[in-house]
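My structure is below; once you've seen it, I'll send some questions.
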Amino acid sequence: GAPLATTCAIAAAATKGLFIKRPDTVELLPTVVAAGLDKTGTLTTGEFGVRVQEKFCNSSFNADVMKLAAALEMKSAHPIAAAIVSEAMGCIGEANEHGELPEVKGFRVVDGVGIKGRVRVESSFVHVFVGNKRVLDAVNATPVQHAKFTNFQQQYPNDTTVAVVVNKELRLGLALNDTIREDAAQMVEELYDLGCDPRIFTGDAELSGKTVAAAVGIDPDICHFSMKPEDKYQLIRELEAEGKPSLMLGDGINDSKALAAATVGIAMGERSAALAAKTADMVMITNKMIRLPQCIRMCRFAILMEK
Ligand code: ADP
Ligand code: MG
């Protein structure tokens, strides 16, 4: 069995909402010198609200675009999805007694981009693609459509922006705001103190990534943005190859490969627990982020006790 100090550290961490799966994590955690921090749902609460809806196209069909997007989002686990569904449900309201969303076929998640599928409109189906700017590349949008969306993004630099494309045409832009966790900045400061250089890994766009970086006290220039799950994994691999043992803190949904590759992979949030049980070394079910650096300190101490 593990030495007593290690066992005690694991038990103490658990009472603080940090579940350590293997005893060697207690030894590894104090060795980390870099930290990859996911943005959405990790540094932020992931509880989005739809702030702005901008129509890019005027036709009678417009009123339903939000419903088409929501029909797809019903099938997505991304934090953005819940906000879009509840906004659309609000639009449907009590006027429509069924409050139902249209039927979806061929739903697919496109990593680092968004979600797509066919959604029923009366007796036929339309192709709907919801996601970030990359959706426009995926459908070969015209330069005019790209320019419209870029302009929209620049109007809301602090928000996460989403494009809704129907039959390859940009129909709707959404600006969603997320909330940065209260003690995210404090955690970042503590990580620096511990000699564990934090950096942001996000699938979101440059502007919103850098806004969050600045808000939590990380140099916006070391914010890695528009990352696909594979990119997060590669970056962790690079850090490790440079001889920098790293921790990766993520929500465990799009980060599972990076979590598995890190010296210590930490999944945050109760929702992540099932998946994280397979890929992460630790699961954090508290939203008090400061407990992570506290845990690193405690593990350092436990290791000293054993020497
Ligand atoms: P993050 O690293 O910020 O947690 P993800 O890797 O989970 O981001 O997602 C990458 C990006 O893909 C998101 O920032 C968003 O722009 C887009 N995206 C993913 N899923 C959805 C969805 N269900 N609806 C709209 N956009 C999505
Ligand atoms: Mg995420």
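The values are calculated or read from the model by the stated rules, or taken from the named source; none is laboratory data. Everything quoted here is computed from the prediction, not taken from an experiment. All Cβ positions, glycine included, derive from the backbone under ideal geometry; neighbour counts span all protein chains shown.
Quick grid of which residues meet (1) touching a helix residue (DSSP H, G or I) at 6+ places or on another chain (Cβ under 6 Å); (2) in a helix (DSSP H, G or I); (3) over 19 Å from Ile180 (Cα atoms); (4) of a type in the set (S, T, N, Q):
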residue	(1), (2), (3), (4)
Lys210	yes, yes, no, no
Ala214	yes, yes, no, no
Arg237	yes, yes, yes, no
Leu247	no, no, yes, no
Lys257	yes, yes, yes, no
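Residues that are in contact (Cβ under 8 Å) with a residue 12 or more places away in the chain and under 17 Å from the mean Cα position of the chain (by Cα): does segment 290-307 have at least one?
Taking every residue of segment 290-307 in turn, none turns out to be in contact (Cβ under 8 Å) with a residue 12 or more places away in the chain and under 17 Å from the mean Cα position of the chain (by Cα).
Right, here's the next one. Collect the residues in segment 96-153 that are charged (D, E, K, R), farther than 23 Å from Phe56 by Cα and either in contact (Cβ under 8 Å) with a residue 40 or more places away in the chain or within 16 Å of ligand 2 (Cβ to nearest atom) (or both), keeping them in residue-number order. Before the answer, list the steps.
Within segment 96-153, the subset charged (D, E, K, R) is 97, 100, 103, 105, 108, 111, 116, 118, 120, 122, 133-134, 137, 148.
Those left that are additionally farther than 23 Å from Phe56 by Cα: 97, 100, 103, 105, 108, 111.
Within segment 96-153, just Asp111 meets the criteria.
All but one of (1) modelled with pLDDT under 95; (2) surrounded by fewer than 24 Cβ atoms within 10 Å (Cβ to Cβ); (3) of a type outside the set (Phe, Trp, Tyr) hold for Val33, so report the exception by its number.
(1)
Shifting gears a bit: With respect to Leu37, is the statement that it is away from ligand 2 (no atom under 16 Å from the Cβ), under 15 Å from Met248 (Cα atoms) and assigned by TED's automatic domain parsing to the domain that holds Ala302 true?
No, not satisfied.
Continuing with this model, one more query. Just for segment 40-58: of the residues that are of a type in the set (A, V, I, L, M, F, W, C) and in a loop (DSSP other than H, G, I, E, B), which one is farthest from Gly209 (Cα to Cα)? Please lay out each step first, then the result.
First, pick out the residues of segment 40-58 that are of a type in the set (A, V, I, L, M, F, W, C): 43, 48, 50, 52, 56-57.
Checking which are in a loop (DSSP other than H, G, I, E, B) leaves us with 48, 56-57.
On the way: Phe48: 15, Phe56: 25, Cys57: 28 Å.
Filtering first and then ranking leaves Cys57.
Does any residue in segment 26-42 that is on the phi > 0 side of the Ramachandran plot come within less than 8 Å, Cβ to Cβ, of a residue that is away from ligand 2 (no atom under 16 Å from the Cβ) six or more places away or on a different chain, and which pairs are these?
Pairs found: none.
Of all residues in segment 185-232 being among the β-branched types (Val, Ile, Thr) and within 30 Å of Met298 (Cα to Cα), which is nearest to ligand 2 (Cβ to nearest atom)?
Going residue by residue through segment 185-232, those that are among the β-branched types (Val, Ile, Thr) are 188, 200, 202, 211-212, 216, 218, 222.
Those still in the list that are within 30 Å of Met298 (Cα to Cα) too: 188, 200, 202, 212, 216, 218, 222.
Details: Val188: 17, Ile200: 11, Thr202: 8, Val212: 12, Val216: 15, Ile218: 17, Ile222: 18 Å.
Checking each candidate, the answer is Thr202.
May I ask you to verify whether Arg199 is within 23 Å of Lys257 (Cα to Cα) and either under 19 Å from the mean Cα position of the chain (by Cα) or outside the structural domain of Val119 (by TED's automatic domain parsing) (or both)?
So Arg199 passes the test.
Report, ordered by the first and then the second residue, all pairs with beta carbons closer than 6 Å, sequence separation of six or more or different chains, a first member in segment 235-264 that is touching a residue at least 12 places away in the same chain (Cβ under 8 Å) and of a type in the set (Asp, Glu), and a second member that is part of a helix (DSSP H, G or I) and within 16 Å of ligand 2 (Cβ to nearest atom).
Correct list of pairs: Asp251/Gly41; Asp251/Thr42; Asp251/Ser272; Asp255/Lys232.
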